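**Student:** The structure's right below; bear with me while I get my questions together.
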Amino acid sequence: MDLAGQILIAMPGLADPRFDHSVILVCAHSPDGSMGLIVNKPLEDLKFSGLLKQLKIPHDPRGRAIRVHFGGPVERGRGFVLHSAGWEAGGSMAVPGGYQMTATLDILEALAQGGGPDQALLALGYSGWGPGQLEAEIARNDWLTCDAPEGLVFGGDDRVKWSAALRGMGVDPLSLSAAAGRA
(Lines give C-alpha, C1' and ligand atoms only; values in the text may rest on other atoms or scores of the structure.)
Protein backbone atom coordinates (compact mmCIF):
# COMPACT_ATOMS: atom_id res chain seq x y z
CA MET A 1 0.00 0.00 0.00
CA ASP A 2 1.43 3.38 -1.00
CA LEU A 3 0.02 6.19 1.08
CA ALA A 4 1.97 9.05 -0.54
CA GLY A 5 -0.48 11.71 -1.68
CA GLN A 6 -3.22 10.41 0.64
CA ILE A 7 -4.84 12.15 3.59
CA LEU A 8 -4.69 10.71 7.10
CA ILE A 9 -7.64 11.63 9.33
CA ALA A 10 -7.05 11.22 13.05
CA MET A 11 -9.64 9.07 14.76
CA PRO A 12 -11.12 10.28 18.07
CA GLY A 13 -9.37 7.51 20.04
CA LEU A 14 -5.86 8.48 18.90
CA ALA A 15 -3.89 8.77 22.15
CA ASP A 16 -1.36 11.45 21.09
CA PRO A 17 -2.87 14.91 21.77
CA ARG A 18 -0.55 16.53 19.22
CA PHE A 19 -2.58 14.79 16.52
CA ASP A 20 -6.07 15.44 17.93
CA HIS A 21 -8.42 16.10 14.98
CA SER A 22 -5.45 16.24 12.60
CA VAL A 23 -5.61 16.03 8.83
CA ILE A 24 -2.23 15.05 7.41
CA LEU A 25 -1.11 14.93 3.80
CA VAL A 26 1.33 12.03 3.45
CA CYS A 27 4.21 13.39 1.36
CA ALA A 28 6.44 10.32 1.32
CA HIS A 29 5.79 6.66 2.15
CA SER A 30 8.14 3.73 1.67
CA PRO A 31 9.34 0.62 3.52
CA ASP A 32 11.84 2.95 5.26
CA GLY A 33 9.09 5.08 6.86
CA SER A 34 6.65 7.88 6.18
CA MET A 35 6.56 11.67 6.31
CA GLY A 36 3.59 14.02 6.20
CA LEU A 37 2.40 17.52 7.03
CA ILE A 38 -0.57 18.48 9.18
CA VAL A 39 -2.68 20.82 7.03
CA ASN A 40 -5.30 21.94 9.54
CA LYS A 41 -3.42 23.32 12.57
CA PRO A 42 -2.41 26.94 11.99
CA LEU A 43 0.10 28.48 14.36
CA GLU A 44 -1.75 31.34 16.04
CA ASP A 45 1.39 33.02 17.35
CA LEU A 46 3.35 33.14 14.07
CA LYS A 47 2.30 34.84 10.85
CA PHE A 48 4.06 34.59 7.50
CA SER A 49 5.13 38.25 7.63
CA GLY A 50 6.70 37.68 11.04
CA LEU A 51 8.60 34.66 9.77
CA LEU A 52 9.88 36.64 6.77
CA LYS A 53 11.07 39.34 9.16
CA GLN A 54 12.91 36.75 11.29
CA LEU A 55 14.57 35.35 8.18
CA LYS A 56 15.38 38.86 6.88
CA ILE A 57 13.49 38.26 3.64
CA PRO A 58 12.07 41.48 2.16
CA HIS A 59 8.28 41.45 1.87
CA ASP A 60 6.96 43.35 -1.14
CA PRO A 61 3.50 44.95 -0.77
CA ARG A 62 2.38 42.59 -3.57
CA GLY A 63 3.70 39.66 -1.56
CA ARG A 64 1.43 36.83 -0.54
CA ALA A 65 0.33 36.05 2.99
CA ILE A 66 0.23 32.28 3.34
CA ARG A 67 -0.76 30.46 6.51
CA VAL A 68 1.85 29.00 8.82
CA HIS A 69 0.92 25.59 10.26
CA PHE A 70 2.17 23.15 12.85
CA GLY A 71 3.30 20.42 10.45
CA GLY A 72 4.08 17.91 13.17
CA PRO A 73 6.28 17.29 16.19
CA VAL A 74 9.49 16.33 14.33
CA GLU A 75 12.08 19.08 13.65
CA ARG A 76 9.71 21.92 14.57
CA GLY A 77 12.27 24.54 13.56
CA ARG A 78 12.38 23.28 9.98
CA GLY A 79 9.96 24.70 7.40
CA PHE A 80 8.27 23.01 4.47
CA VAL A 81 6.09 24.72 1.87
CA LEU A 82 3.41 22.41 0.54
CA HIS A 83 2.15 23.80 -2.74
CA SER A 84 0.33 23.17 -5.97
CA ALA A 85 2.27 21.75 -8.89
CA GLY A 86 3.54 23.96 -11.65
CA TRP A 87 6.17 25.87 -9.66
CA GLU A 88 9.47 24.23 -8.89
CA ALA A 89 12.72 25.23 -7.32
CA GLY A 90 15.86 23.25 -6.80
CA GLY A 91 14.99 20.66 -4.22
CA SER A 92 11.24 20.58 -4.83
CA MET A 93 9.79 17.12 -4.26
CA ALA A 94 6.78 15.86 -6.18
CA VAL A 95 3.98 14.53 -3.99
CA PRO A 96 1.40 12.28 -5.68
CA GLY A 97 -1.94 13.95 -6.31
CA GLY A 98 -0.55 17.08 -7.98
CA TYR A 99 1.34 18.55 -5.04
CA GLN A 100 4.91 19.67 -4.52
CA MET A 101 6.88 20.20 -1.33
CA THR A 102 9.77 22.65 -1.17
CA ALA A 103 12.01 23.27 1.83
CA THR A 104 14.33 25.97 0.45
CA LEU A 105 14.34 29.72 1.01
CA ASP A 106 13.75 30.53 -2.66
CA ILE A 107 10.08 29.64 -2.41
CA LEU A 108 9.65 31.95 0.59
CA GLU A 109 11.41 34.72 -1.34
CA ALA A 110 9.16 34.16 -4.37
CA LEU A 111 6.00 34.24 -2.23
CA ALA A 112 7.22 37.36 -0.42
CA GLN A 113 7.59 39.10 -3.78
CA GLY A 114 4.10 38.09 -4.99
CA GLY A 115 5.21 35.09 -7.08
CA GLY A 116 5.51 31.41 -6.39
CA PRO A 117 2.91 28.67 -6.74
CA ASP A 118 -0.83 29.31 -7.00
CA GLN A 119 -1.65 27.48 -3.74
CA ALA A 120 0.69 27.15 -0.77
CA LEU A 121 0.90 26.62 2.96
CA LEU A 122 3.94 26.65 5.18
CA ALA A 123 4.39 23.95 7.82
CA LEU A 124 6.91 24.12 10.65
CA GLY A 125 7.94 20.62 11.61
CA TYR A 126 6.63 17.42 10.15
CA SER A 127 4.96 14.18 11.12
CA GLY A 128 7.17 11.13 10.76
CA TRP A 129 6.87 7.39 11.20
CA GLY A 130 9.51 4.67 11.21
CA PRO A 131 9.33 1.49 9.10
CA GLY A 132 5.89 -0.14 9.48
CA GLN A 133 4.80 2.31 12.21
CA LEU A 134 2.14 4.13 10.17
CA GLU A 135 0.72 0.86 8.83
CA ALA A 136 0.45 -0.44 12.42
CA GLU A 137 -1.34 2.75 13.52
CA ILE A 138 -3.81 2.42 10.64
CA ALA A 139 -4.42 -1.24 11.53
CA ARG A 140 -5.03 -0.12 15.14
CA ASN A 141 -7.74 2.29 13.86
CA ASP A 142 -5.80 5.44 14.76
CA TRP A 143 -6.21 6.86 11.25
CA LEU A 144 -8.61 6.78 8.32
CA THR A 145 -7.17 7.33 4.85
CA CYS A 146 -8.66 8.97 1.79
CA ASP A 147 -7.77 10.88 -1.35
CA ALA A 148 -6.40 14.39 -0.92
CA PRO A 149 -8.51 16.93 -2.83
CA GLU A 150 -6.75 20.28 -3.31
CA GLY A 151 -9.78 22.15 -1.95
CA LEU A 152 -9.39 20.31 1.34
CA VAL A 153 -5.62 20.65 1.58
CA PHE A 154 -5.49 24.37 0.77
CA GLY A 155 -9.06 25.26 1.81
CA GLY A 156 -9.55 28.40 3.83
CA ASP A 157 -11.07 27.28 7.11
CA ASP A 158 -8.73 24.95 8.99
CA ARG A 159 -11.30 24.41 11.74
CA VAL A 160 -13.57 22.39 9.43
CA LYS A 161 -11.00 20.33 7.49
CA TRP A 162 -11.24 17.33 9.84
CA SER A 163 -15.03 17.07 9.60
CA ALA A 164 -14.95 17.92 5.86
CA ALA A 165 -12.46 15.09 5.22
CA LEU A 166 -14.71 12.65 7.07
CA ARG A 167 -17.83 13.84 5.29
CA GLY A 168 -15.98 13.47 1.97
CA MET A 169 -15.66 9.77 2.85
CA GLY A 170 -19.35 9.57 3.72
CA VAL A 171 -18.65 9.45 7.49
CA ASP A 172 -20.63 11.60 9.91
CA PRO A 173 -18.12 12.92 12.48
CA LEU A 174 -20.78 12.67 15.19
CA SER A 175 -21.07 8.92 14.61
CA LEU A 176 -17.43 8.24 15.52
CA SER A 177 -16.48 6.73 18.83
CA ALA A 178 -13.18 6.98 20.69
CA ALA A 179 -13.31 3.19 21.18
CA ALA A 180 -12.42 0.99 18.22
CA GLY A 181 -13.03 -2.68 17.67
CA ARG A 182 -13.05 -5.45 15.10
CA ALA A 183 -16.04 -7.39 13.86
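The values are calculated or read from the model by the stated rules, or taken from the named source; none is laboratory data. Quick caveat, the model's predicted, so the values are computed rather than measured. Please note: Cβ atoms are built from the backbone with ideal geometry, for glycine as well, and neighbour counts cover all protein chains shown.
**Student:** Just to verify a result, which residue in region 54-72, among those that are assigned to a loop (DSSP other than H, G, I, E, B) and under 12 Å from the mean Cα position of the chain (by Cα), is surrounded by the most Cβ atoms within 10 Å (Cβ to Cβ)?
**Tutor:** Taking the candidates together, the pick is GLY71.
**Student:** Output the residue which, of all residues in region 21-53 that are modelled with pLDDT of 95 or more and charged (D, E, K, R), is surrounded by the most Cβ atoms within 10 Å (Cβ to Cβ).
**Tutor:** For region 21-53, the residue satisfying everything is LYS41.
**Student:** I would also like to ask the following. Which pairs turn up if I take residues in region 6-24 that are touching a residue at least 12 places away in the same chain (Cβ under 8 Å) and more than 18 Å from ARG167 (Cβ to Cβ) and look for partners that are assigned to a strand (DSSP E or B) and of a type outside the set (Ser, Thr, Tyr) with beta carbon separation below 7 Å, at least 6 apart in sequence or on another chain?
**Tutor:** Partner pairs satisfying both residue conditions: PHE19/ALA10.
**Student:** Which is out of contact with any Gly (no Cβ under 8 Å at 6 or more places or on another chain) and not polar (S, T, N, Q), of ASP157, ASP106? It would help to see each step written out before you state the result.
**Tutor:** Working: ASP106 fails: out of contact with any Gly (no Cβ under 8 Å at 6 or more places or on another chain).
That would be ASP157, the only listed residue that is out of contact with any Gly (no Cβ under 8 Å at 6 or more places or on another chain) and not polar (S, T, N, Q).
**Student:** All but one of (1) in contact (Cβ under 8 Å) with a residue 24 or more places away in the chain; (2) within 24 Å of ARG18 (Cα to Cα) hold for LYS47; which doesn't?
**Tutor:** Failed condition: (1).
**Student:** Cβ-Cβ under 7 Å, sequence separation 6+ or interchain: first residue in region 136-165 and charged (D, E, K, R), partner assigned to a helix (DSSP H, G or I) and crowded, with 16+ Cβ neighbours inside 10 Å. Which pairs?
**Tutor:** Final answer for the pair search is LYS161/LEU152.
**Student:** Go through the residues of region 87-97 one by one and say whether even a single one is outside any loop (DSSP other than H, G, I, E, B), polar (S, T, N, Q) and surrounded by 13 or more Cβ atoms within 10 Å (Cβ to Cβ).
**Tutor:** no
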